[in-house]
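Structure first, commentary second.
The values are calculated or read from the model by the stated rules, or taken from the named source; none is laboratory data. Predicted, not measured: the structure shown is a model, and the values here were computed from it. Methodologically, a virtual Cβ is constructed for each residue, glycine included, from the backbone with ideal geometry; neighbour enumeration extends over all protein chains shown. Accessible surface areas use protein heavy atoms only, side chains included; no ligands, DNA or RNA. Shrake-Rupley method; radii C 1.70, N 1.55, O 1.52, S 1.80 Å.
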Amino acid sequence: MTHSAPTTPRPRPRQSIERTLPLLISALLAAVLGGALLLTHATLTRAARQTAIERIRSAAGQLAGLGAASIVRIKQTVGTAARDSTLHRAARPGATPRDLAAAHALLER
């Protein structure tokens, strides 16, 4: 039987600065680039959201303007038709076919 001498754990050799420094610089560079990427993403997202909000507001304003103009035009058309005696004659009981034809021709204009 052979007895071996108890082995003591050897201390790990320290890595040289020539090997550690490039790793640290690479990690720092990756962190800075990652932070810049996050900042850029946040900025672009905010700008896109603002652009979308402005476009929606503009479209809503245009639709409101079109709606208001249509309402004015319809109101004028209906008001003119309501004052027309031809339509009054056609709407009365006992209207003649001639009255109905005149009203129909008026409404087609």
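In table form, for the structure just shown:
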item: Probe 1.4 Å, protein heavy atoms only - accessible area per residue of the chain in square angstrom; result: 94
item: Helix-only CD estimate at 222 nm, as mean residue ellipticity for the chain, using -39500 (n - 2.57) per DSSP H run (n ≥ 4); result: -28500 deg cm²/dmol
item: Portion, in percent, of the accessible area of the chain that falls on carbon or sulfur, probe 1.4 Å; result: 65
item: Fully extended contour minus Cα-Cα distance, from L24 to S85, at 0.36 nm per residue; result: 12.6 nm
item: Extended-chain gain in nm, criterion 0.36 nm per residue less alpha-carbon gap, Q50 and T8; result: 8.4 nm
item: Total charge dipole magnitude, the chain, about the Cα centre, Cβ charges on Lys, Arg, Asp, Glu only, Debye to nearest 20; result: 140
item: Average silhouette area of region 3-102, convex hull of alpha-carbon atoms, in square nanometres; result: 19.6
